[in-house]
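J.: Following this message is one structure expressed as structure tokens.
The values are calculated or read from the model by the stated rules, or taken from the named source; none is laboratory data. Quantities reported herein were computed from a predicted structural model and do not represent experimental measurements. We place every Cβ from the backbone using ideal geometry, glycine too, and count neighbours over all the protein chains shown.
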Amino acid sequence: MNNPGTFAIRWPLFQLPVISGTIERRLLLNFRCDPVVLARRLPPPFRPQLVAGCGLAGICLIRLAGMRPAGLPAPFGSASENAAHRIAVEWDENGVTRAGVFIPRRDTNAWLNRVLGGRLFPGRHHAATFDVRETNDRFQMAMRSRDGQASVRVAARVMEEWPAGSVFPSLAAASDFFRAGSLGWSPHASDDKFDGLELRCREWRMEPLVVEQVESGFFANAGWFPPGSVEFDGALLMRNIAHEWHACGRLSPGVPKAPPVRGPVPQPRPHAHRVFFEMP
């Protein structure tokens with residue numbers, strides 16, 4: 001258990017406090033995970049947030065438009081495709097348990113996000129290519145990072161009914177969970193610090209998706225997730241929502257920095273970029 005007094009939130013010397021824009025499309029791909037296995041992927045002070053006894057992790061595929069510092073007109077904004085790997089977490093702060101997400105990796109096709117991420121606004125971004133084909137009710141997307149460390153592929157369509165088999169009993173329960181976990185922490189350039197970024201939407205609308213195919217190099221990595229420790233849970237869609245990103249300072253755990261890992265870093269097995277789950 002993490003001691004609530006072992007970390008502090010501080011503010012960088014300069015950081016854009018608020019960024020405004022529009023979520024044109026946001027896909028949340030969710031996986032239920034063995035919480036013991038998931039905890040190994042989390043640095044202090046985070047621990048897995050449990051839903052029906054399961055840890056929950058996933059990938060956010062989001063297209064943003066009109067992104068600019070709050071107060072500037074929309075024509076000055078930029079657009080981008082982005083991916084974020086997320087783990088639902090809890091941590092203790094001044095004796096109170098808080099919830100949010102730990103984001104071990106962010107990828108983007110926008111050079112501006114890569115240049116400014118981790119500097120003027122929170123979160124380092126890696127370069128990636130995106131292949132997007134979508135209609136009003138169908139989505140086919142693929143993302144691959146230039147460094148070869150992340151890949152995602154998904155085919156999904158909008159549905160009206162909540163699918164059976166999810167850890168969430170209803171769309172309302174899933175929507176409430178993700179709305180409450182809108183604060184994300186991303187690793188800073190130094191390993192023991194995390195940049196905070198909170199999503200605030202003018203309105204909150206989620207639609208259920210039926211997923212026909214999904215691949216993830218991250219979740220298919222047997223060196224990180226042994227067989228049987230992770231299973232696809234479901235997917236959600238948000239679109240055409242005005243929103244703001246609010247910087248939330250920098251979290252600095254007061255624990256010794258972990259020694260460097262010796263030996264090779266676990267790599268995905270050859271099947272990691274094949275179809276991970278397929279559903280009719």
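J.: Could you please give the count of residues in the range 120-151 that are in a loop (DSSP other than H, G, I, E, B) and more than 19 Å from the chain's Cα centre (by Cα)?
T.: In the first step, residues of the range 120-151 are kept if they are in a loop (DSSP other than H, G, I, E, B); the result is 120, 122-125, 135-137, 146-150.
Now restrict to residues that are more than 19 Å from the chain's Cα centre (by Cα): 120, 135-137.
Number satisfying all stated conditions: 4.
J.: Quick one: in the range 154-187, of everything that is closer than 19 Å to ARG25 by Cα and more than 19 Å from the chain's Cα centre (by Cα), which residue is surrounded by the fewest Cβ atoms within 10 Å (Cβ to Cβ)?
T.: GLU160
J.: Does the range 85-108 contain at least one residue that is more than 23 Å from ASP195 (Cα to Cα) and outside any strand (DSSP E or B)?
T.: no
J.: Being more than 27 Å from ALA39 (Cα to Cα), surrounded by 15 or more Cβ atoms within 10 Å (Cβ to Cβ) and either modelled with pLDDT under 95 or among the charged types (D, E, K, R) (or both) is the filter here; which residues of the range 135-149 pass it?
T.: none
J.: Any idea how many residues of the range 201-259 are assigned to a strand (DSSP E or B), hydroxyl-bearing (Ser, Thr, Tyr) and at pLDDT 90 or above?
T.: 1
J.: Something else about it: Please identify the pairs in which a residue from the range 151-171 that is at pLDDT 95 or above has its Cβ atom under 6 Å from the Cβ atom of a residue that is part of a strand (DSSP E or B) and of a type in the set (Ser, Thr, Tyr), counting only partners at least 6 apart or on another chain.
T.: VAL152/SER216
J.: What are the residues in the range 119-134 that are over 30 Å from GLU160 (Cα atoms) and surrounded by 18 or more Cβ atoms within 10 Å (Cβ to Cβ), if any?
T.: PHE121, PRO122, GLY123, HIS125, ALA128
J.: Let me ask you something else. Scan the range 27-49 and give yes if some residue there is under 25 Å from ARG250 (Cβ atoms) and among the aromatic types (Phe, Trp, Tyr), otherwise no.
T.: Yes: the range 27-49 contains one or more residues that are under 25 Å from ARG250 (Cβ atoms) and among the aromatic types (Phe, Trp, Tyr).
J.: Being surrounded by fewer than 17 Cβ atoms within 10 Å (Cβ to Cβ), without any contact (Cβ under 8 Å) to a residue 12 or more places away in the chain and assigned to a strand (DSSP E or B): is that true of ARG68 here? Can you show your working first?
T.: On the way: surrounded by fewer than 17 Cβ atoms within 10 Å (Cβ to Cβ): yes; without any contact (Cβ under 8 Å) to a residue 12 or more places away in the chain: no; assigned to a strand (DSSP E or B): yes.
The answer is no for ARG68.
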